[in-house]
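Below is one structure; the comments refer to it alone.
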Amino acid sequence: MDYILRATAGEGSVRIFIANTKETVQQAFLHHKTSPVMSAAIGRALTGVAMMGCMLKSDSDLITIKINGDGEGRGLIATSDNKARVKGYPFNPMVDIPLKPNGKLDVQNALGEGTMTIIKDLGLKEPYVGQIPLISGEIAEDLTYYFAKSEQTPSAVSLGVLVDRDYSIKQAGGFIIQMMPDANEEIVQALEEKLRTLKPFTTLLEEGNSIEDILELLAGEFNVKILDKIPVSFYCNCSKERVEKALISIGKEEIKAIIEEDKKANIHCHFCNTDYEFTEEELKQILEKI
């Protein structure tokens, strides 16, 4: 089971979110048939947005990461509620580009140059929107920059996806460490040193470490306290009923035009790759409801 640990360290002066998201990223791969590099891209984004979802207060709050780039992958969308139920999709799932010289998947070149937009829907009249230029395209570094620039919160973000030879997801996870305003300088420096020498997140998972083990490695000496364990899942709330409501919203004339020209309607959900078909008879029944 995938889950996130929410923890504090240094008497509450540091907050930590750490996640294992292997099954969730595998679900995204199964839905979207992604190439390895796009599995890494969407997997990192889903892991990041799941942890950011855990920072939301209300059950109705939503957070979305949207990346637009000029690379072959073009970008992606990943969204989460406050229960770390995530969904998302890459704009171009089958991108095949050479590996980096170090043998790693080249997410940076797959996405190219562009922007990362964070949208928080907190039930207010307008959602909060923060946008930054992609500074690396590797997603973790971009989120680190976003937290510093848009939320003035010094953070360290690590996100990793390890793809197996059959393209399935071997490991996935990451962490977000944030310094509170009262963080002790000694703890900050000690954590920075830890992060410099820490092995890649997926390597630690491959070596058999649980996220509890990795949390202990990161912050065990700073009186780490686990506050919460939150399940993570790939969850799309689309249904034929919801799609019907969307059809109703386009209005009578549009539906009449669809009936006359096409005799049916096909609606596609990008998040989970599900198609919903409405027959001519069903469309006429929808017309009667308006």
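Give me the mean projected area, in nm² to one decimal, of the convex hull enclosing the Cα positions of the stretch 1-88.
About 6.7 nm², averaged over all directions.
Taking N as the number of residues in the chain, what is its Cα Rg relative to 2.2 N^0.38 Å?
1.10
Kirkwood Rh over alpha-carbon pairs of the stretch 183-290, then Stokes-Einstein at 25 °C and 0.890 mPa s: what D in µm² s⁻¹, rounded to an integer?
129 µm²/s
For the chain, what's the relative contact order in percent, using C-alpha pairs closer than 8 Å and at least 6 residues apart?
RCO, the chain: 23 percent.
Tell me the volume per residue, in Å³, of the convex hull enclosing the alpha carbons of the stretch 240-289.
72 Å³
Pick out, from Met38, Cys236, Ile65, the residue whose Cα sits farthest towards the positive end of the charge dipole of the chain, with +1 on the Cβ of Lys and Arg and -1 on the Cβ of Asp and Glu.
The one lying farthest along the dipole's positive direction is Cys236.
What number, in percent, do you get for the relative contact order of the stretch 108-159 if the mean sequence gap of Cα pairs under 8 Å and at least 6 apart is divided by its residue count?
28 percent
Report, largest value first, the span of the C-alpha coordinates of the stretch 62-216 along each principal axis, in whole Å.
So the three principal-axis extents are 47, 45, 29 Å.
Quick one: if you stick a label point 7 Å off each Cα along the C-beta vector at His270 and Asn184, how many nm between them?
Simple spin-label model gives 4.7 nm for this pair.
May I ask for the Kirkwood hydrodynamic radius of the stretch 60-103, worked out over all distinct Cα pairs and given in angstroms to one decimal?
12.2 Å
Roughly what would the spin-label model give for Met1 and Lys83, points 7 Å off Cα along C-beta, in nm?
1.3 nm
Rounded, prolate or oblate, given the Cα gyration tensor of the stretch 125-194, with a/c below 1.5 counting as rounded?
Because a/c hits 1.5 or more and a/b fails to exceed b/c, the stretch 125-194 counts as oblate.
Would you please give the FRET efficiency between Glu216 and Lys149, computed as 1/(1 + (r/R0)^6) with r the Cβ-Cβ distance and R0 = 30 Å, to the nearest 0.05?
Using R0 = 30 Å, I get an efficiency of 0.45.
Read-outs throughout are calculated quantities, based only on the coordinates presented, and are distinct from any laboratory measurement. Keep in mind the model is a prediction, meaning the values are calculated, not measured. Note that we place each Cβ from the backbone using ideal geometry, even for glycine, and neighbour counts take in every protein chain shown.
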